[in-house]
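J.: Pasting in a structure now, in C-alpha cells, and then I'll have a few things to ask.
The values are calculated or read from the model by the stated rules, or taken from the named source; none is laboratory data. Treat the numbers as computed from the prediction; the structure is a model and nothing was measured. Here the Cβ positions follow ideal geometry from the backbone for every residue, glycine too, while neighbour counts run over all protein chains shown. Only protein heavy atoms, including side chains, enter the accessible area calculation; ligands, DNA and RNA are left aside. Shrake-Rupley method; radii C 1.70, N 1.55, O 1.52, S 1.80 Å.
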Amino acid sequence: MAGSQRKRRRLPAEPVEALIESMAHDGRGVARVDGKTVFVHGALPGERVRFRYLARNRRYDTGETLQVLEPAAQRVQPFCRHAARCGGCSLQHLAPEAQVEAKQAILLEQLVCIGKVRPAETFAPLRGPERGYRRKARLGVRDVAAKGRVLVGFRERGRGYIAELESCPVLHPVVGERLAELAALIGQLSLRREIPQIEVAVGDSGAALVFRTLGQPSAEDCERLAGFGRSHGLRIFLQPAGPDHLVPLWPVEGAPELSYALHDHDLEIAFRPTDFTQVNAEINRGMIARALELLDVRPGERVLDLYCGLGNFTLPLARRAGAVLGVEGDAALVERARDNARRNGIDNAEFRAADLAGELGGEPWLREPYSKLLLDPPRSGAQELLRQMSPLAERLVYVSCNPATLARDAGVLVSEHGYRLRGAGVLDMFPHTSHVESIALFERD
C-alpha cells in the first residue's frame, strides 16, 4: 500500500499544458487536467499555460506556471523583481483594476453561496495607493549559512524559507527600501541567529522596528542597532518576551509616540509599535468615511462599536453621536483607546474590555438600546456575539477582513435578526494580494 501511494503521488517529469478556467480565492488559476482540479500559481482565467506539478493530492493537485502560451488581456508585468518567489504578494501579474473586480466577485459569491443573501446594492470598490502602502508588517529573519548572509523579508510562496529580497515596493519606503541594509546590520550582530522576526510599524511622522530576540544582546549589538535607528530616523525596540514587553534602544526616552491623523475628524490616534492598526492609511481614512456615511449617525444617538481596538472608528463616531461605547477584548488596547479619547478632548466615548468571543451574559451594555451598531471583528467573524445579541440596532455596519465569515454572519443577521442586506463592497486594503476586506450595511424595518 505504501509503495502504491508513493507511485500515485509521483510528479510528472515533463511540463503540462492547460487552459485556466477560473481563479481560486487565493489568486491561483484553476484548471482541469484529466478530469482533476489543478491550482496553478501565476496563471489567470482564460490563459493557456505550461506548468509543472508541485504536489499531487487525492482531491486536487497544485502547480506553478512555467510559460504563458496565451496571455489574458488583464495580465501585466509584475513591478517587483521578487514577485515570482516572494509570498508577500500573489497578484502582481494581474492588472490592479482586475484584482479589485475579482475581489468584488469573490465577496458577492460568498454572500450568495454561504450566507444565502444578496445585497440590494453593490458599493463601488474603495481603492488607494498600490505601492508603498503597507505600514504594518512582520518580516522574517534567517541567518542562512549556505548563502553566507542573513535574509530579511517575507517568506517564499508556499515554503517556509525567507525570500531573498533586496527591497519591497509595497512596504512603506522608509523600511521597504532598506531590507538589504537591515540584513547587513543583523549579519554584524552576535545575536544574528537569535532574531527570528522584525515587526514594522509606521506612523504619519515616524517609524519603528521591533526586533524579536531569543537571546541576550551584547553591548555592541545594542549600539549597532541604536546607531542604525539614529542614522535612518527609526525608533528601535527589542522584544525579549511577549508583545507588550518592549525595550527601547533608540531613543531610550523622550521619543514622541507613533500616531496617525484622521484630519476629517480632527483626531490624532496614538499607538504602540505592536498594537493592531490598519496597514493602509489612505484606505483606512476612506473606510472610516464610508462607515460613518452608511451608519448615518445623528446628534443625540447612542452608538455601539464592537471590536473597537484603539478607537479607530469609535472616536470619529463620537464627533457625530450623542454617546459611543467601544468594546474590545484586549484590555491594553482599551486603555490606549481611553488615552486617545482624552488626548483628543472627547468626553462622550466610553470604553470597556470584554471577551467578544465568549459568554457575555453578565455584560450590562449588551442589553442597552443603541440606534446604530458597528462591527469590525477578526477573521473568525462575530458568530458567537450575534448569537447573544438581541435586540440589535436599527442600522448595522459590518467591516470584514474575511468574506466567508462575513457571509456566514450576514445569513444570521438576515434570517434570525430580521435585517436586510442593503449593500456590500470591497475595500482594497491589501493591493496585489488575495486578501479581501469589505464593508456591508444592514437595516431593520
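J.: How long are the three semi-axes of the equivalent ellipsoid for region 114-165, computed from the Cα gyration tensor as the root of 5 times each eigenvalue, in whole Å, largest first? Please report the intermediate quantities before stating the final value.
T.: Details: eigenvalues 305, 52, 12 Å².
Three semi-axes, in Å: 39, 16, 8.
J.: What does the extension gain come out to for Arg56 and Ala255, with contour length at 0.36 nm per residue minus their alpha carbon separation?
T.: Working: separation 199, 0.36 × 199 = 71.64 nm, distance 5.33 nm.
Gain in length upon complete extension: 66.3 nm.
J.: Let me ask something else. Assuming R0 = 30 Å, can you tell me the calculated FRET efficiency for the pair Ala84 and Ala357, based on Cβ-Cβ distance, to the nearest 0.05?
T.: Details: r = 38 Å, r/R0 = 1.28.
With a Förster radius of 30 Å, E is 0.20.
J.: Let me check I have the definition right: for region 261-305, take the eigenvalues of the Cα gyration tensor, multiply each by 5, take square roots. What are those semi-axes in whole Å, largest first?
T.: Working: eigenvalues 98, 33, 23 Å².
Largest first, region 261-305 gives 22, 13, 11 Å.
J.: Further question on the same structure: Match the structure shown to one of the listed values (1) 1.07; (2) 0.97; (3) 1.41 of Cα Rg over 2.2 N^0.38 Å, computed from it, and give that label.
T.: (1)
J.: Also, I was wondering about something else. For the chain, what does the helix formula give at 222 nm: sum of -39500 (n - 2.57) over DSSP H segments with n ≥ 4, over the residue count, nearest 500 deg cm²/dmol?
T.: On the way: 10 runs with 104 residues, N = 445.
The helix contribution divided over the chain gives -7000 deg cm²/dmol.
J.: To continue, here is another question. Once you have the Cα-Cα distance between Lys147 and Glu350, take 0.36 nm times their residue separation minus that, and quote the gain in nm to one decimal. Working shown, then result.
T.: Numbers: separation 203, 0.36 × 203 = 73.08 nm, distance 5.37 nm.
The span from Lys147 to Glu350 would gain 67.7 nm if fully extended.
J.: So, one more: Could you tell me the relative contact order of the chain? Use alpha-carbon pairs under 8 Å, at least six residues apart, and round to a whole percent. List each step's numbers first, then the result.
T.: Details: 966 pairs, mean separation 60.7, N = 445.
Once divided by the residue count of the chain, the mean separation gives 14 percent.
J.: Round to a whole angstrom and tell me the spacing of the C-alpha centers of region 307-367 and region 156-189.
T.: 36 Å
J.: If I model a spin label as a point 7 Å beyond the Cα along the Cα-Cβ vector, how far apart are those points for Ser190 and Thr122 in nm?
T.: Rounded to a tenth, the inter-label distance reads 6.1 nm.
J.: Taking the Cα centroid of region 274-297 and of region 47-90, what is the distance between the two, rounded to the nearest whole Å?
T.: Their Cα centres are 33 Å away from one another.
J.: On the full set of protein chains, 1.4 Å probe, figure out the accessible area of Arg444 and give it in Å² to the nearest 10.
T.: 90 Å²
J.: Can you give the accessible area per residue of the chain, in Å², using a 1.4 Å probe? Before the final figure, lay out the partial values.
T.: Values: 20290 Å² over 445 residues.
Counting only protein heavy atoms, the per-residue value for the chain is 46 Å².
J.: Let me ask something additional. Could you give me the radius of gyration and the Dmax of region 1-132, taking only the C-alpha atoms into account and expressing both in angstrom?
T.: Expressed in Å, the Cα Rg and Dmax of region 1-132 come to 17.1, 55.
J.: In cubic angstrom, how much convex hull volume per residue do the alpha carbon atoms of region 239-354 span?
T.: Working: hull volume 12.3 nm³, N = 116.
Cα-based convex hull of region 239-354, divided per residue, equals 106 Å³.
J.: Follow-up. How many nm separate the modelled label positions at Ser218 and Arg420, each set 7 Å beyond the Cα in the direction of the Cβ?
T.: The answer from the label model is 7.1 nm.
J.: Extending each Cα 7 Å along its Cβ direction at Arg343 and Arg379, get the distance between those two points in nm, one decimal.
T.: For Arg343 paired with Arg379, the spin-label model returns 3.0 nm.
J.: By how many nm would the segment from Leu69 to Arg138 lengthen if fully extended, with 0.36 nm per residue of separation less the alpha-carbon distance?
T.: Values: separation 69, 0.36 × 69 = 24.84 nm, distance 3.63 nm.
Stretched out fully, the Leu69 to Arg138 stretch lengthens by 21.2 nm.
J.: Rg to Rh ratio, region 152-203, alpha-carbon atoms and Kirkwood radius?
T.: Values: Rg = 11.4 Å, Rh = 11.9 Å.
Rg/Rh: 0.96.
J.: Of all accessible surface on region 285-376 at a 1.4 Å probe, what whole percent is carbon and sulfur? Present the calculation step by step, with values, prior to reporting the outcome.
T.: Working: 1650 of 3640 Å².
C and S atoms contribute 45 percent here.
J.: What per residue convex hull volume, in Å³, comes out for region 182-275 when only alpha-carbon positions are used?
T.: Values: hull volume 9.1 nm³, N = 94.
Per-residue hull volume (Cα only) is 97 Å³.
J.: Quote the accessible area belonging to Tyr419 in square angstrom, nearest 10, computed with a 1.4 Å probe and with ligands, DNA and RNA left uncounted.
T.: Here the accessible area works out near 10 Å².
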